[in-house]
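Report on the following structure.
Read-outs: derived from the displayed coordinates by stated rules, not from any lab. What you are looking at is a predicted structure, and each value in this text was computed from that prediction instead of being measured. Don't worry about glycine lacking a Cβ; one is built from the backbone with ideal geometry, like all the others, and counts go over all protein chains shown.
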Amino acid sequence: MRQWLHPLSPVTHGVKKNFDEALNRTLDRSVRLAVTGLSRSGKTVFITSLVHQLIHGMNNDHLPFFELVNNDRLQGVKQQPQPDLHIPTFRYDLSLDSLMADPPAWPEPTSSISEIRLAIRYQPQNTLLRYFAPVNTLYLDIIDYPGEWLLDLPLLDLSYEQWSAQIMALCDQAPRLALSQAWRMFMDSLDLLAPTKETQLRQASELYTEFLHCCHDKQYGLTLLQPGRFTMPGDLKGAPLLEFCPLLKIPAHGHKATDSFYATMKQRYESYKEHVVRKFYKDHFCQFDRQIVLVDVLRAFNTGYATFKDMQAAIELVLKSFHYGKSNLFNRLFNVKIDKLLFAATKADHITPNQLPNLERFLVQMLAQSNNNIKFEGVKTETVALSALKCTQAANTEFQGQQISCIKGIPKHSDKPVALFPGEVPVDIPVPEDWLQDRFNFIDFRPPAASQWQNNRLPHMRMDRALQFLLGDKF
Ligand SMILES: Nc1nc2c(ncn2[C@@H]2O[C@H](COP(=O)(O)OP(=O)(O)OP(=O)(O)O)[C@@H](O)[C@H]2O)c(=O)[nH]1
Ligand SMILES: [Mg+2]
């Protein structure tokens, strides 16, 4: 017998919600915009500023390059309950509260995925559409996730033995060689073919994780750290899925015991690939429509050549997730639909305005090879240097009888404003000698007091250009 569901039953409600979501997608009424970047690249501040700029977008003087606002077609923006209840909410309220506090503070670091939904009401540009529906709504889901998770993609194509060999090659060079000592000594003391002891597994993975954290420390600033969840565990912190590490030496072939330390490590590695890496791509990455990758180029300059090269390699690895060529791993495994990708050099307020073109050109050069591959796959890409929250003011000062441009702001660990010339951004990829003469001095600043914001808007640089590229064609 046919059973009718009560219109208000939870089942019909759920079905209706899913149906509405699918309909919104089909009619191009919802966009999933993913924001990523390596840790401290500026994701939380970027999303907070983006949401803030949109919510206050009715005043069109602060987003001149965003056509929707500039053409006066924006009717209003509101935060809405997010569609995916299993993803933590992006805490716009908390981030904004800390930026507006007295004294203002930067939002706390985050280590997992989060999401926020905005409903954007607007007048369509197309006059015919405007006749049928004078006001439309676009649901914008913004997803924040650690770029470190994308470092794991190549694992899907590597056996445990191949991956171990790659990590060992990296660990044979400074500074990893010295930093990995404690972990190596412990691994050398183990009999890899003896039956597994849980305590040894745990200790091996803890020492390996400590090693990764040391590499990540400000002093070394390394970012090419695998597996990605070991430094950014998200909700997997303490889970046995993360209790494994690479091996220094692979035992000879023909070893059959399934309960040995080696065999257990290998099984854990395969579980990580299946339940963490593949799951992330399937459940999240494949649902994204648009993507912005934030890169803190200036921080890499500060630390030295080795850090710079490491970051470049890490970003190239991150960008492999966007090469979806017919023959490559990604296309074989997943069905991805990202059609626009923006690379943004963040914290552009750390340099003088005349250096902005250099910063943009530098990022283009740094990503040239990856960008070519991505464009080849038909994804539209663009590069911009921006600041989600402008903390400095451009100024001129006299030095040895000459006028030079500088920036004024309050350094992060001070309460006194300074005026400084932070250095020129090179246009070409620098050589090791460039670091010998204290050439780069890009320091961190404190957020400006809310009382200094113009018209109660977070001051920014070029957020409108980012919005136009990422969303302009949707309205
Ligand atoms: N001057 C300036 N500093 C910024 C800007 N955005 C971020 N920062 C600095 O960069 C730090 C990190 O910014 P977040 O937005 O928290 O970076 P994140 O990528 O979310 O960092 P994790 O959550 O730790 O991965 C901040 O605490 C600020 O010091 C900006 O637009 N201008
Ligand atoms: Mg964050």
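Brief remarks follow.
- Amide H partners (placed H, <5 Å) of Gln75, local residues excluded: Arg121, Tyr122, Gln123
- Percent RCO, i.e. relative contact order, over segment 393-448, from Cα pairs under 8 Å lying at least 6 residues apart: 30
- Summary of packing: across the peptides 370-382, 302-314, the per-residue average of other C-beta atoms within 10 Å ranks them, highest first, as 302-314, 370-382.
- Kirkwood radius for segment 393-448, taken over all pairs of different Cα atoms as the inverse mean of 1/r, rounds to 13.0 Å.
- Sorted ascending by nearby beta carbons within 10 Å, beginning with the fewest, Met265, Met461 become Met461, Met265.
- Using distinct alpha-carbon pairs, which all enter the 1/r mean, Kirkwood radius of segment 55-206 in Å: 21.2
- Relative contact order (%) - criterion: Cα under 8 Å, at least six apart; region: the chain: 18
- Derived scalar couplings between HN and Hα for segment 71-81 equal 8, 6, 9, 6, 9, x, 9, 9, 6, 10, x Hz in order, rounded to whole Hz, by the Karplus curve 6.51 cos²θ - 1.76 cosθ + 1.60 (θ = phi - 60°), x for Gly and Pro.
- Fewest neighbouring Cβ atoms within 10 Å first, the residues Phe66, Phe211 line up as Phe211, Phe66.
- Taking label points 7 Å from Cα along the Cα-to-Cβ direction, Glu161 and Ala313 give a separation of 2.3 nm.
- Scattering profile of segment 44-123 at q = 0.11, 0.15, 0.19 Å⁻¹ [log10 I(q)/I(0), Debye over alpha-carbon scatterers]: -0.34, -0.62, -0.90
- Stokes-Einstein D for the chain, Kirkwood Rh over Cα pairs, 10 °C, 1.306 mPa s (µm²/s): 65
- Residues Asp172 and Asp93, FRET efficiency given R0 of 30 Å [Cβ-Cβ distance, rounded to 0.05]: 0.05
- Amide H contacts of Phe445: Lys412, each under 5 Å away and 5 or more positions distant or on a separate chain (H built 1.01 Å from N in the peptide plane; Pro and chain starts excluded).
- Near Leu458: Cβ cut-off under 15 Å, other residues only, Lys/Arg at +1 and Asp/Glu at -1. The net charge is 0.
- Working from label points 7 Å from Cα in the Cα-to-Cβ sense, the Phe65 to Tyr305 distance is 3.4 nm.
- Once backbone amide H atoms are built at 1.01 Å from N, Glu424 has no partners under 5 Å, excluding neighbours fewer than 5 places away on the same chain.
- Calculated SAXS-style log₁₀ I(q)/I(0) at q = 0.12, 0.19, 0.23 Å⁻¹ - segment 157-279, Debye, Cα scatterers: -0.42, -1.11, -1.61
- Whole-number percent relative contact order across segment 157-279, with pairs defined as alpha carbons under 8 Å at least 6 apart: 35
- The local environment of Val379, defined by Cβ-Cβ distances under 11 Å, has a net charge of +2 under the rule Lys, Arg +1 and Asp, Glu -1.
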